[in-house]
């Protein structure tokens, strides 16, 4: 378990302020945030490299706030791997095992290099290896001494997307096999969705929001979080109540107006608000007929289509308002979605999240 | 830059060639002046041989002291942002701009019999002036900055995160230093030490004031030149030059190849 309570760290002009977070034993936590938000500093504080001005850190129910890094049993993988350039691949992996018996050491190196496909590289120098190879070595090196906690700093940032997918799968499998409590820093929300049990969004040294990935993803609590996690469309507008209710605390049907758009929503309060709409919740169709319209149906023109391997991001212009939709690439093909094409957009009222 | 015969390019090459000639010319002239026979004579001259041994031993002692005291300072300067770091870095660089006889006078005042420190050292049996420790002191004063700046640059070239990784893998601070930082910075530190050794061997200005006798090689050469003239000084000068050239070659081999480091 990783428990942070009011962790405050000052590094030069930058500070982490009152960071509190719990990653349960065996869990996988993710910290996401833009560059410069303090993600790496937070990991380094947990590893014991940066002293705390205030707050407490407990790892596995043991207070390590003032403990030396070498006593914390933490595995650390940096974004740029930081392999020891004067050692071979095998020596890098075995670095943390020097205090163990030679047999146990060799066995552990062999196990990990088999799991991570590093056996052919063991006697090689670490210079000139690919990013994916270096990443696996750094991971094996961190896991070798069987740490209680694994800290990963942007582990996939410097590898190509194909390698990233493979590494992500391997990491999840390793995490399940070794049952090690993990905290990963990323700026990629896809990592968070695929890997995380707990997600914390870090902004300027503070945690803007934390919770399960689904909760943070669906219900961002601020425009910063919504825009940062790239949920697609964030609209600024006003909420107007459509029906009167006695209970002011209850949710009510309302109308959200932003530019020329007027959408039916379920709201908790009136007035100025941001509406967050996930790309997958924008339903696109080419129907030009006048069949019974569902709620929140309006026309839009396609501005741009970004085709991924499975999902295409479709950028739309609805009477001056920019929207982003996601459809399966095959669907985009079938519908003939291309710049300049007119489509009908439908959004369920409950899919519009107001903050 | 491609070779072109414009007046500008010709000027560049001409000026550059003049300087190379000015440096290489006298050294080559000196080397050719000494015949193998005269070198043999020089090496059978007991006073010269003793002086060269004294020079090698004192330069080695000064270099070891420079490394022992200079490497920790270099590490602190490279890694720890302590208050007054720039001032300390400046103080250590000062000997580079102090004329060497001035350094000799300053050391004489600081370490001589009249000073409390000199008296303290004398009661410990470590008399400095006109003794071998005086030679080492002069050498240390001028060569320590070389070790400190070389080692500091070498430590700066090693990413501190490597040490942090080693710490999380169970190393204490000193283990991480010995197993990671020092091996990676080692070439730079050794190159600095070799240069410091060469600087010590060539030191004259401060030693001539602190300890004229026993004579190190540079003083012996000066002594022979003033007493017996040029021919008497040449064999000793050649021997010293050969030692310097050997050290120079060693530095070329040890100099860290910047391109290899990220």
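For region B:130-163, the set of residues classified as within 14 Å of another protein chain (Cβ to nearest Cβ), assigned to a helix (DSSP H, G or I) and out of contact with any helix residue (DSSP H, G or I) (no Cβ under 7 Å at 6 or more places or on another chain) consists of B:161 only.
Of all residues in region A:327-344, which are surrounded by fewer than 20 Cβ atoms within 10 Å (Cβ to Cβ) and not in a loop (DSSP other than H, G, I, E, B)? Residues satisfying the conditions are A:328, A:329, A:330, A:331, A:333, A:334, A:335, A:342, A:344. Scanning region B:229-238 for residues that are under 16 Å from residue B:202 (Cα atoms) and modelled with pLDDT of 85 or more turns up B:233, B:234, B:237, B:238.
Do the conditions hold for residue B:11, that is, is it assigned to a helix (DSSP H, G or I) and surrounded by fewer than 12 Cβ atoms within 10 Å (Cβ to Cβ)?
Answer is yes for this residue.
Restricting attention to region A:182-202, does a residue exist that is in the same structural domain as residue A:25 (by TED's automatic domain parsing), crowded, with 24+ Cβ neighbours inside 10 Å and assigned to a loop (DSSP other than H, G, I, E, B)? Scanning region A:182-202 turns up at least one residue that is in the same structural domain as residue A:25 (by TED's automatic domain parsing), crowded, with 24+ Cβ neighbours inside 10 Å and assigned to a loop (DSSP other than H, G, I, E, B). Residue count for region A:111-141 satisfying the condition of being closer than 20 Å to residue A:171 by Cβ and part of a helix (DSSP H, G or I): 18. Listed by first and then second residue, the pairs with beta-carbon distance under 6 Å, at least 6 apart or on different chains, first residue in region A:144-157 and on the phi < 0 side of the Ramachandran plot and facing chain B (nearest Cβ under 9 Å), second assigned to a loop (DSSP other than H, G, I, E, B) and surrounded by fewer than 24 Cβ atoms within 10 Å (Cβ to Cβ), are A:147/A:73. Condition (residue is surrounded by fewer than 19 Cβ atoms within 10 Å (Cβ to Cβ) and within 14 Å of another protein chain (Cβ to nearest Cβ)) applied to region A:164-175: is it met by at least one residue? Among the residues of region A:164-175, not one is surrounded by fewer than 19 Cβ atoms within 10 Å (Cβ to Cβ) and within 14 Å of another protein chain (Cβ to nearest Cβ), which makes the answer no. Taking the conditions exactly as written (more than 13 Å from chain A (Cβ to nearest Cβ) and either over 25 Å from the mean Cα position of the chain (by Cα) or in a helix (DSSP H, G or I) (or both)), does residue B:185 satisfy them or not? When the stated conditions are applied, residue B:185 does not pass them.
Restricting attention to region A:144-163, which residues are touching a helix residue (DSSP H, G or I) at 6+ places or on another chain (Cβ under 7 Å), surrounded by 18 or more Cβ atoms within 10 Å (Cβ to Cβ) and modelled with pLDDT under 90?
Just the residues of region A:144-163 that are touching a helix residue (DSSP H, G or I) at 6+ places or on another chain (Cβ under 7 Å), to begin with: A:144-145, A:150-151, A:153, A:155-156, A:158-159, A:163.
Now narrow it down to the ones that are surrounded by 18 or more Cβ atoms within 10 Å (Cβ to Cβ): A:144-145, A:150-151, A:153, A:155-156, A:159.
Correct list: A:155, A:156, A:159.
Matching residues to (1) closer than 22 Å to residue B:191 by Cα; (2) crowded, with 23+ Cβ neighbours inside 10 Å; (3) in contact (Cβ under 8 Å) with a residue 24 or more places away in the chain:
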position: B:95; (1), (2), (3): yes, no, yes
position: B:98; (1), (2), (3): no, no, no
position: B:118; (1), (2), (3): no, no, no
position: B:130; (1), (2), (3): no, no, yes
position: B:153; (1), (2), (3): yes, no, yes
position: B:164; (1), (2), (3): no, no, no
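A single member of B:54, B:18, B:65, B:31 is surrounded by 12 or more Cβ atoms within 10 Å (Cβ to Cβ), in a helix (DSSP H, G or I) and at pLDDT 95 or above, and it is B:65.
The residue list B:205, B:192 contains one member that is in contact (Cβ under 8 Å) with a residue 24 or more places away in the chain and assigned to a loop (DSSP other than H, G, I, E, B), which is B:205. Annotation: of all residues in region A:285-322 being touching a helix residue (DSSP H, G or I) at 6+ places or on another chain (Cβ under 9 Å) and at pLDDT 80 or above, the one that is farthest from residue A:162 (Cα to Cα) is A:296.
Scanning region A:28-41 for residues that are within 20 Å of residue A:211 (Cβ to Cβ) and touching a strand residue (DSSP E or B) at 6+ places or on another chain (Cβ under 6 Å) yields A:28, A:29, A:30, A:31, A:32, A:33, A:37, A:38, A:39.
Taking (1) under 28 Å from residue B:154 (Cβ atoms); (2) in contact with a helix residue (DSSP H, G or I) (Cβ under 8 Å, 6 or more places away or on another chain) in turn, residue B:219 satisfies each apart from (1).
Taking region A:123-143 as the range and being within 11 Å of chain B (Cβ to nearest Cβ) and on the phi > 0 side of the Ramachandran plot as the test, no residue passes. Taken over region A:99-114, the criterion of being closer than 22 Å to residue A:127 by Cα and either buried (at least 18 other Cβ atoms within 10 Å of the Cβ) or within 14 Å of another protein chain (Cβ to nearest Cβ) (or both) is satisfied by A:109, A:112, A:113.
The values are calculated or read from the model by the stated rules, or taken from the named source; none is laboratory data. Quick caveat: nothing in here was measured; it's all calculated off a predicted structure. Reconstructed Cβ throughout: ideal geometry from the backbone, glycine too, with neighbour counts over all protein chains shown.
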